[in-house]
Amino acid sequence: MKAIKWFLISVLALMLVIAVYVGVFLDPNAFKPEIEAKVKEATGRTLSIDGDIGWSLFPKVGLDIAGISLGNIPGEDLPPLLSVKQAVVGVNLLPLIQKDVQIEEVTLAGVALNMVTLKDGRNSLEGLGGGASKAGDGQGAGSSGRAAAPVSWKLGQLHLQQLSFNSDNRQTQVNRKLAIESLSLEEFEPGRAAPFEMVVSLEDPQLALSTSASSMLTVAKDFSRIQLDAWKQQFNVRGSALPNGKPLVASVQFDADFDLGQQQFALTNLKLDQDGFELQGSGSVDLNQVRPVLKLQLTGNDLVLDPWMPAADSSQDGGSTASKSKPAQDGGNEEPDLSALRQFDLYANMSLSSIQAKQWLVTQSSLDLQLVDGLFTLNQMKASAFEGILTTKATLDSRTQPVSYQFDSKLVGLSIQPLLKAAIDSEVMAGTGELTVAGKGASLAPNQVLANLVANGRLALDDGAVYGINVAQKIREVKATFDGSEAPAAAEVQKTDFSSFATAFAIDKGVVTTPDVALSSPLLRVEGSGSSNLVTQQLDYDMEVAIVGSLEGQGGKSLDDLKGLAIPLQIGGGFDSPSVGIDMDALLQNKLDQEGDKLKEKLEDELKDKLFKGFGRG
């Protein structure tokens with residue numbers, strides 16, 4: 001035993017002497033020219049080592065090198081393909097003999113990778129590594145020539161600082177930058193959770209992203225599984241690519257389990273916070289499919305879309321019909337880029353407390369949706385909206401150009417006035433009832449949506465009013481015209497009350513056609529047809545009014561003598577200030593017909609009386 005003991009001591013002492021000798025008398029910097037020549041031969045690029053090379057053999061195998069740069073495309077004035085300010089690696093020697101890899105330190109600082117694509121198509125990677133594959137082809141066809149895998153390994157600390165990736169495409173004139181400002185990992189070994197932190201930034205001409213994250217990282221011994229516990233990440237996104245240029249600040253938390261063998265990822269305890277909007281739930285990602293498949297179960301509070309919607313045209317502030325119908329000047333005909341929807345599949349169930357976009361507000365919404373091969377399908381949406389219950393089904397096909405869509409909606413128990421205010425910024429009608437509409441269209445460009453929309457539906461309302469039109473007032477003016485009396489003063493509120501209102505409608509190229517409008521009240525019956533232009537906000541209706549009751553209840557004298565007379569109305573003008581006219585020629589003809597009918601009836605009655613009297617005398 002003593003002999004073995006002294007033998008081991010002697011071996012260790014010899015190794016120490018060799019390490020001291022190598023470290024003192026052998027200068028690694030003397031090998032710089034040979035290293036640079038070998039790299040030049042293998043890659044065709046120039047390697048420069050401006051700093052000193054330091055190394056050690058005991059108690060750890062260490063390498064410290066600084067000022068490294070590898071040239072870019074030969075013959076071009078370009079930044080280096082790769083540059084490293086400092087690289088430090090240290091591995092404990094004695095555990096390495098027992099196949100226990102203990103990496104004490106890995107430090108990389110100031111690493112820059114510059115990828116360039118020239119206008120002629122040449123890029124930074126062309127011509128690299130031409131001879132490397134040949135050298136490796138003849139090695140180790142069998143397992144006998146390979147080094148045995150380590151029994152265990154451990155990483156003491158990993159520090160990355162100021163790592164940057166620059167992509168300069170001079171064909172497309174697009175320059176992008178990705179920077180890892182810092183990344184650290186401490187006491188990392190298989191099967192044991194280790195603290196992980198990183199700070200990353202990304203920049204391109206239209207978008208800039210900065211993010212920081214921290215987590216506990218666990219990796220299986222065979223690298224088949226990675227687990228992230230308590231992942232916390234902050235996002236700060238800014239740039240012209242964002243709607244209205246508004247910066248996006250958000251945070252996300254989750255636990256993740258990555259099965260690398262099956263290429264399936266599970267997310268639990270997911271929480272997203274963006275300016276007060278909170279989303280919670282769970283999900284999974286399956287990469288072992290034609291496209292990545294995402295499955296999500298989410299609940300959230302109040303989602304406000306206003307900050308991300310296109311800004312209103314300042315020329316429309318006056319509220320005039322002309323300004324409202326004026327198309328947007330910039331980007332109004334541009335289709336949104338939905339190509340990203342064809343890169344993954346999605347199945348999601350989501351419930352939100354509310355969704356608000358401008359004057360559109362839905363509450364207690366639940367959504368069942370899917371996205372498969374670029375076809376988005378809203379299987380079911382149910383929500384409270386405009387004091388009623390909304391149910392909707394819809395599809396959007398991003399594979400067509402322009403995109404196409406279909407929808408089928410029903411709103412029961414709605415209040416029509418807030419719906420009209422949200423849809424066309426008008427409060428021309430009030431009442432409660434039911435709205436059904438189904439349609440299809442192509443294009444999501446702001447100036448093309450109405451022009452390419454085709455839809456059909458029906459609206460039925462009870463106990464409401466049409467504002468801006470006082471039919472009773474017009475009838476009084478008609479009576480005054482007939483009997484020569486003074487026209488009554490105009491009512492303060494211009495409206496026509498109704499007990500029921502119903503019409504079918506069709507929408508085509510921004511024009512709503514209503515072929516069978518029917519309005520009823522205890523006093524009036526109004527029927528007719530016409531159209532409303534949603535683009536110019538103009539009305540064009542031909543209606544007939546029949547008096548069926550007394551108008552005294554609406555502030556006027558009795559008009560019983562006009563009962564049964566069909567009064568033709570012509571309604572035009574804008575949504576905000578409609579004009580009501582009477583077709584006097586048609587009205588006079590109707591009056592003559594009515595009086596003629598009365599005279600005919602009177603003559604017939606007199607003739608009958610004479611005949612009956614004659615029979616009586618017989």
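Distance between the pseudo-spin-label points of ASP368 and ILE35 (7 Å out from Cα toward the beta carbon): 6.4 nm. Across segment 182-263, the mean sequence separation of Cα contacts (distance under 8 Å, 6 or more residues apart), normalised by length, yields a relative contact order of 24 percent. Summing charges over neighbours of VAL252, with a neighbour being any other residue whose Cβ is under 10 Å away from its Cβ, gives +1 when K and R count +1 and D and E count -1. Per residue, the accessible area of segment 156-297 comes to 57 Å² when a 1.4 Å probe rolls over the protein heavy atoms. Taking a sphere under 12 Å around the Cβ of LEU444 and counting the other residues whose Cβ falls inside, with K and R at +1 and D and E at -1, yields a net charge of -4.
All other residues whose Cβ lies under 11 angstrom from that of ASN301 are scored, Lys and Arg at +1 and Asp and Glu at -1, for a net of -3. Given +1 at the Cβ of Lys and Arg, -1 at the Cβ of Asp and Glu and no other charges, the dipole of segment 151-307 around its Cα centre is 380 debye to the nearest 20.
In the structure shown, do any of LYS246/LYS295; LYS154/LYS177; LYS295/LYS393; LYS232/LYS358; LYS382/LYS440 have a Cα-Cα gap over 24 Å, and if so which? Over 24 Å Cα-Cα: LYS246/LYS295; LYS154/LYS177; LYS232/LYS358. With a cut-off of at most 16 other beta carbons within 10 Å, and DSSP calling the residue loop, which chymotrypsin sites (Phe, Trp or Tyr not before Pro) in segment 222-259 qualify? Please list them. For chymotrypsin sites (Phe, Trp or Tyr not before Pro) across segment 222-259 that sit outside H, G, I, E and B with at most 16 neighbouring Cβ atoms in 10 Å, the list reads PHE223.
In the assembled protein chains, ARG458 presents an accessible area of approximately 110 Å² (probe radius 1.4 Å). Which of the three applies to segment 382-462, rounded, prolate or oblate, going by the alpha-carbon gyration tensor with a ≥ b ≥ c and a/c under 1.5 meaning rounded? Cα axes put segment 382-462 in the prolate bin.
Rolled with a 1.4 Å probe across the full set of protein chains, the surface gives SER83 an accessible area near 30 Å². Placing +1 on the Cβ of every Lys and Arg and -1 on the Cβ of every Asp and Glu, with nothing else charged, gives segment 388-530 a dipole about its Cα centre of roughly 460 debye.
Taking a ≥ b ≥ c as the square roots of the eigenvalues of the Cα gyration tensor, segment 329-382 is classed as oblate, since a/c reaches at least 1.5 and a/b does not exceed b/c. The listed peptides 334-340, 374-380, ordered by packing as a protection proxy, come out as 374-380, 334-340 (highest mean of other Cβ atoms within 10 Å first).
Considering only ILE469, VAL428, ILE389, and ranking their Cα positions along the charge dipole of segment 351-496 that arises from unit charges at the beta-carbon of Lys, Arg, Asp and Glu, the one farthest toward the positive end is ILE389.
The values are calculated or read from the model by the stated rules, or taken from the named source; none is laboratory data. As the structure is a prediction and not an experimental result, all values here were calculated from the model. A quick note on method: Cβ atoms are made from the backbone with ideal geometry, for glycine too, and the neighbour counts reach across all protein chains shown. What goes into the accessible areas is simple: the full protein's heavy atoms, side chains included, and nothing from ligands, DNA or RNA. Shrake-Rupley method; radii C 1.70, N 1.55, O 1.52, S 1.80 Å.
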